[in-house]
Amino acid sequence: MWWYVNQGSADGHAAVGEPAPPIVGTTLDGQPFDLASLRGRPVVVNFWGPSCIPCRDEFPEFLRELEAHKADDLAIVGVLTDDPPEPARQFVAQYGATWPTVIDPNESIKHAYRIVGRPFTWFIDRSGVIRARQIGGPMTDQEFQNHYDKIR
């Protein structure tokens, strides 16, 4: 928590209308990741795990939305929560997810984003400010669009 000073809300946690706390780590495919590298793009951050049935149901929607908003340069980032990496790798390969999923071994990202259940999705605008969140899922197309309209 100490390294989130001056990020997110006054207490260092994610909040709508505030800058998104950092997401820095390693992806399922072993690559380094830093949310700051996506500044200038609309970003959807989805906390998920393969044992979460609504998370599994939401993946096809994310594939559709990524394609539908390609012209806007939409970025989707997964954060693996409450499940081990190997089943997540298998799931991502099976469903053809092209976006990175960051591993959160010490749950510091989960804590900073106030994750209380899965799926939990944050919508971050091009300037890095959180504009909406969706707790639970799967989201309907209309719910996704309503949130996305706030970050495009």
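Which members of the range 12-27 meet the condition of being outside any loop (DSSP other than H, G, I, E, B) and under 13 Å from Asp125 (Cα atoms)? Spell out the reasoning first.
Pass one, the range 12-27, residues outside any loop (DSSP other than H, G, I, E, B): 19, 24-27.
Within the range 12-27, just Pro19 meets the criteria.
Going through the range 64-88 one residue at a time, which ones are of a type in the set (Lys, Arg) and buried (at least 16 other Cβ atoms within 10 Å of the Cβ)?
Here is the first cut: in the range 64-88, the ones of a type in the set (Lys, Arg) are 64, 70.
Answer for the range 64-88, where residues must be of a type in the set (Lys, Arg) and buried (at least 16 other Cβ atoms within 10 Å of the Cβ): there is none.
Residues that are in contact (Cβ under 8 Å) with a residue 60 or more places away in the chain, in contact with a strand residue (DSSP E or B) (Cβ under 8 Å, 6 or more places away or on another chain) and of a type outside the set (Asp, Glu) were ranked within the range 47-63; the one that is surrounded by the fewest Cβ atoms within 10 Å (Cβ to Cβ) is Gly49.
Within the range 72-116, the residues that satisfy the criterion of being among the small types (Gly, Ala, Ser) and in contact with a helix residue (DSSP H, G or I) (Cβ under 9 Å, 6 or more places away or on another chain) are Ala75, Gly78, Gly96, Ala97, Ser108, Ala112.
FYI, it's all coordinate maths here, none of it is from the lab. All figures in this text were calculated on a predicted structure; none of them were measured in a lab. Neighbour counts are summed over all protein chains in view; Cβ atoms, including those assigned to glycine, are modelled from backbone coordinates with ideal geometry.
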